[in-house]
Amino acid sequence: MDYILYEQKGQYAVVTINREKALNALNSQVLEELDKTLDAVNLDEVRCLVLTGAGAKSFVAGADIGEMSTLTKAEGEAFGKKGNDVFRKLEVFPIPVIAAINGFALGGGCEIAMSCDIRICSDNAVFGQPEVGLGITPGFGGTQRLARLVGAGMAKQMIYTARNIKAAEAYRIGLVNEVYSAEVDA
Ligand code: DAK
């Protein structure tokens, strides 16, 4: 695996999207590796998964814009299906999945967090659905999951305006369950 780290720590395991140079953007390989990682979780031992992104700056800065810009229509559909399938796998995973959100959670990054059962974030987290600025709609389930979490009106506002929100506002509208300091105790 090039882009996913998997570490079992007793009864829980941490899955880290590890593509820090691209702010952990989701390309096809990341999605494939994440899919395989989820299939390999030892459900006899692991009781909970934590999903996070490598580095302090970004959880996941979205789908990989560079890769998406090169796709044909058929390839784009396949990419969309791949993302939706793995996000759905997370959503119905037989054990709880907690998104630990450090920094940017934009586009597909916000969407993958919303596929988890619980979202906790650091106080430097930034959330948003910037897709309309790229001339596309959120394509990994964000239109549905965001509305369920924060209500239709707030979801439409975030999606139509592409405005990013900080951790405190994400907490206020119910997008995240808790906010914690990014400082780690020694
Ligand atoms: N994709 C690819 N590379 C990315 C990236 C992304 N989403 N975000 C950041 N990077 C890369 C940058 O290109 C840069 O690479 P180098 O130039 O160093 O090689 C590196 O990460 C560091 O980024 P910056 O230099 O830009 O760092 P800054 O601190 O200046 O800015 C930023 C951080 C997060 C504000 C900025 O990087 C940014 O705006 N990134 C893009 C965020 C974004 O727009 N995300 C949403 C992507 S759209 C669909 C399916 C899926 C989707 C849509 C439709 N269908 C099925 C219909 C999903 C769409 C999305 O997620």
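The values are calculated or read from the model by the stated rules, or taken from the named source; none is laboratory data. Small disclaimer: the values here were computed from a predicted structure and weren't measured. A quick note on method: Cβ atoms are made from the backbone with ideal geometry, for glycine too, and the neighbour counts reach across all protein chains shown.
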Residue that is surrounded by the fewest Cβ atoms within 10 Å (Cβ to Cβ), among those in the range 1-22 that are more than 16 Å from the ligand (Cβ to nearest atom) and β-branched (Val, Ile, Thr): 14
Residue ID - surrounded by the most Cβ atoms within 10 Å (Cβ to Cβ), chosen from residues in the range 85-126 that are assigned to a loop (DSSP other than H, G, I, E, B) and touching a Pro at 6+ places or on another chain (Cβ under 8 Å): 107
Residue pairs, Cβ under 8 Å, 6 or more apart or interchain, first in the range 55-72 and at positive phi and among the aliphatic types (A, V, I, L, M), second within 7 Å of the ligand (Cβ to nearest atom) and at pLDDT 95 or above. List them. none
Within the bounds of the range 139-147, is there any residue that is hydrophobic (A, V, I, L, M, F, W, C), surrounded by fewer than 22 Cβ atoms within 10 Å (Cβ to Cβ), modelled with pLDDT of 95 or more and touching a helix residue (DSSP H, G or I) at 6+ places or on another chain (Cβ under 9 Å)? yes
Please go through the range 23-59 and pick out each residue that is outside any strand (DSSP E or B), within 14 Å of the ligand (Cβ to nearest atom) and crowded, with 16+ Cβ neighbours inside 10 Å. 23, 24, 25, 27, 28, 30, 31, 54, 55
Among the residues of the range 147-168, count how many are of a type outside the set (Lys, Arg) and touching a strand residue (DSSP E or B) at 6+ places or on another chain (Cβ under 8 Å). 6
Failed item in (1) within 24 Å of residue 45 (Cα to Cα); (2) free of Cβ contacts under 8 Å to residues at least 24 places away in the same chain, with residue 91 passing the rest: (2)
Qualifying position, being touching a helix residue (DSSP H, G or I) at 6+ places or on another chain (Cβ under 6 Å) and over 20 Å from residue 125 (Cβ atoms), among 26, 38, 43: 38
Residues within the range 142-182 that are of a type in the set (Asp, Glu) and either outside any strand (DSSP E or B) or within 15 Å of the ligand (Cβ to nearest atom) (or both), tallied: 1
Can you tell me which of 155, 147 is aliphatic (A, V, I, L, M) and without any contact (Cβ under 8 Å) to a residue 12 or more places away in the chain? 147
Any idea which of (1) within 27 Å of residue 166 (Cβ to Cβ); (2) aliphatic (A, V, I, L, M); (3) within 12 Å of the ligand (Cβ to nearest atom) is the one residue 101 doesn't satisfy? (3)
If you go through the range 60-81 one residue at a time, how many are touching a Ser or Thr at 6+ places or on another chain (Cβ under 9 Å) and within 9 Å of the ligand (Cβ to nearest atom)? 3
